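Structure first, then comments.
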Amino acid sequence: MDHTIAIAGAGYVGLVTGACLASARRRVIMVEVDPERRQTLVEGRVPIYEPGLEPLLRAALDAGHLRVTDDWEDALAQASMVVVAVGTPPRADGRADLTAVEQVIATVRAGARPGTVLVMKSTVPPGTSARLQQQLRGEPFAIPIVSCPEFLREGAAIEDVRNATRVVVGGLDRDACERVAEVMGVPGAEIVRTDNTSAELIKYGSNSFLALKISFINEIANVCDLMGGDVDAVAHGMGLDPRIGRAFLNAGLGFGGSCFPKDVRALDQAAGRYGYSFWMLKTAIEVNDQQRMRFVSKIRAAVEGPIEGKRIAILGLAFKPGTDDMRQACSVDVAMRLMELGAEVVAHDPVAMEKAAPMLPGVELAESAYEAVAGADCVALVTEWPEYLHMNWNRVRHLVKRPLVVDGRNCLDRDEMSACGFTYHGMGRQPGVVLWGRRATDRVRLESEGVA
Ligand code: UDX
């Protein structure tokens with residue numbers, strides 16, 4: 001069956017979903033209410049940094065498979081499916097703010113034609129779709145809600161949509177679920193058919209579990225620092241057990257971004273409303289927060305003596321490489337704490353400088369990584385951008401005031417750094433402990449290929 005698909009919200013998830021569906025020759029109408037964002041998209045430009053997305057959007061616009069509008073009436077007159085992809089930002093208490101989702105539901109309820117299916121792609125707390133479904137029952141006709149959560153990673157979003165391992169469709173209406181499975185399914189992906197709440201829990205459960213894994217390995221790194229073990233070796237050895245797996249066992253500064261911190265808190269909050277205290281989630285967050293301060297403590301210890309007036313160069317501001325997203329980025333907490341302690345902070349990021357600038361008052365922003373490290377008492381690596389791994393560290397050695405590196409992502413080759421004359425500190429990495437036959441740079445390469 002050929003569907004016209006309206007997508008509510010041209011944010012991260014909406015844009016990637018829309019562009020991928022259009023490239024699979026579906027007719028897509030993106031409904032974006034923000035005039036500036038809409039205009040940018042109409043001109044074929046993408047307001048976020050996501051490799052491969054702009055050409056995909058342009059091709060879809062040129063082929064006439066996708067258009068961008070603010071005209072809900074027209075979109076609802078044409079669409080047989082409405083994908084909800086608006087934001088659900090965290091409120092101050094950690095609960096997800098559902099205002100935008102509820103607005104879309106009200107619009108669809110008022111204007112949809114019979115047979116329209118609502119697809120919930122926004123990340124909503126478990127139980128939300130079932131509750132909203134109650135409101136959409138009956139009068140004048142029922143609009144089925146099918147929960148179809150998104151698992152894409154920023155920086156690898158298109159690849160993640162196209163090579164998905166699973167497509168979750170949760171809802172009460174079987175026919176609607178099958179229609180969504182047909183549109184959202186990709187070759188090789190298992191279709192998981194379930195109810196709305198289970199679908200929502202799959203999303204929160206997945207993100208929370210990955211966040212737990214990160215906090216767990218960070219705690220292992222912390223005890224490695226105390227006991228003298230090497231976290232790279234431990235993660236490698238643990239990860240060879242297929243029940244554990246090596247992915248998401250990279251110790252360091254911990255997780256940031258728009259999903260993990262928000263979703264872990266939201267699941268804990270949701271459980272709390274049922275009187276259940278989800279202790280593991282609270283701990284994962286706590287460990288993650290502390291990790292940033294541990295990194296600052298490492299810098300303090302490494303510079304030896306007072307940190308006041310010391311020049312610290314932060315390499316990497318985005319919450320991870322491959323994106324300009326600064327949401328919950330470690331760099332902000334690290335930079336602000338260093339400034340509080342009286343250090344002079346200079347920072348660089350290959351793409352996130354513009355977004356970072358207003359979040360880092362008092363931090364000097366350097367034009368290049370080499371400019372950032374010039375005259376530094378300590379280089380603090382916060383985001384593992386490939387350009388930092390492949391810097392000419394011999395050149396850096398001659399630019400810095402003191403050859404000291406604190407690697408918050410355990411991504412630099414300790415031996416190479418020593419060979420260049422640097423004193424190197426990682427997170428839970430011990431000097432002299434070698435992961436025979438595997439170098440840190442290999443790990444980064446294997447990971448970017450999706451192997452590690
Ligand atoms: C995540 C999920 O991976 C994705 O499935 C979901 O849809 C959205 O949330 P994303 O936030 O884009 O995606 O980033 P991801 O690559 O998962 O990394 C999240 C954070 O964890 C980053 O800050 C990263 O640096 C950190 N991380 C990741 C670690 O500290 N160690 C690891 O081993 C892996």
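Observations, loosely collected:
- As a fraction of the 1.4 Å probe accessible area of the stretch 9-131, surface on carbon and sulfur atoms comes out at 49 percent.
- Relative contact order (%) - criterion: Cα under 8 Å, at least six apart; region: the chain: 11
- Accessible area in the full protein assembly, largest first, 1.4 Å probe, for 193, 179, 162: 193, 162, 179
- In this structure, the amide hydrogen of residue 365, modeled 1.01 Å from its nitrogen in the peptide plane, lies closer than 5 angstrom to those of 347, counting only residues at least 5 positions away or on a different chain.
- Loop exposure criterion: chymotrypsin sites (Phe, Trp or Tyr not before Pro), DSSP state outside H, G, I, E and B, at most 10 other Cβ atoms within 10 Å. Applied to the chain, the longest stretch between such sites is 1-273.
- The stretch 78-160 shape via C-alpha gyration tensor axes, a/c threshold 1.5: oblate
- Helix-only CD estimate at 222 nm, as mean residue ellipticity for the chain, using -39500 (n - 2.57) per DSSP H run (n ≥ 4): -13500 deg cm²/dmol
- Anisotropy class of the stretch 226-442 from Cα gyration tensor, a/c 1.5 cut: oblate
- Pairs exceeding 29 Å between alpha-carbon atoms, taken from 262/401; 298/401; 213/310; 282/401; 203/320: 262/401; 213/310; 282/401.
- Mean Cβ neighbour count within 10 Å, used as a protection proxy, ranking 134-140, 378-384, 285-291, 195-201 highest first: 378-384, 195-201, 285-291, 134-140
- Accessible area of residue 65 in the full protein assembly, 1.4 Å probe (Å², nearest 10): 40
- Rounded accessible area per residue of the chain, 1.4 Å, Å²: 44
- Only beta bridges with both residues in the stretch 5-194 are counted; by DSSP, about 10 percent of them are antiparallel.
- When both bridge partners sit in the chain, DSSP labels roughly 5% of those beta bridges antiparallel.
- Rounded to the nearest 10 degrees, the angle from helix 196-227 to the longest Cα principal axis of the chain is 0 degrees.
- Global geometry of the stretch 5-194, whether rounded, prolate or oblate, following the gyration tensor of its Cα atoms and the 1.5 cut on a/c: rounded
- Unit charges on C-beta of K, R, D, E only; dipole of the stretch 5-194, Debye: 420
- The chain - charge dipole about Cα centre, Lys and Arg +1 at Cβ, Asp and Glu -1, debye rounded to 20: 700
- Apolar share of the accessible surface for the stretch 226-442: 55 percent from carbon plus sulfur atoms, 1.4 Å probe.
The values are calculated or read from the model by the stated rules, or taken from the named source; none is laboratory data. Keep in mind it's a predicted model, so treat the numbers as computed, not measured. Here the Cβ is made from the backbone with ideal geometry for all residues, glycine too, and neighbour counts use every protein chain on show. Side chains are part of the model used for accessible areas, which takes the heavy atoms of the whole protein and leaves out ligands, DNA and RNA. Shrake-Rupley method; radii C 1.70, N 1.55, O 1.52, S 1.80 Å.
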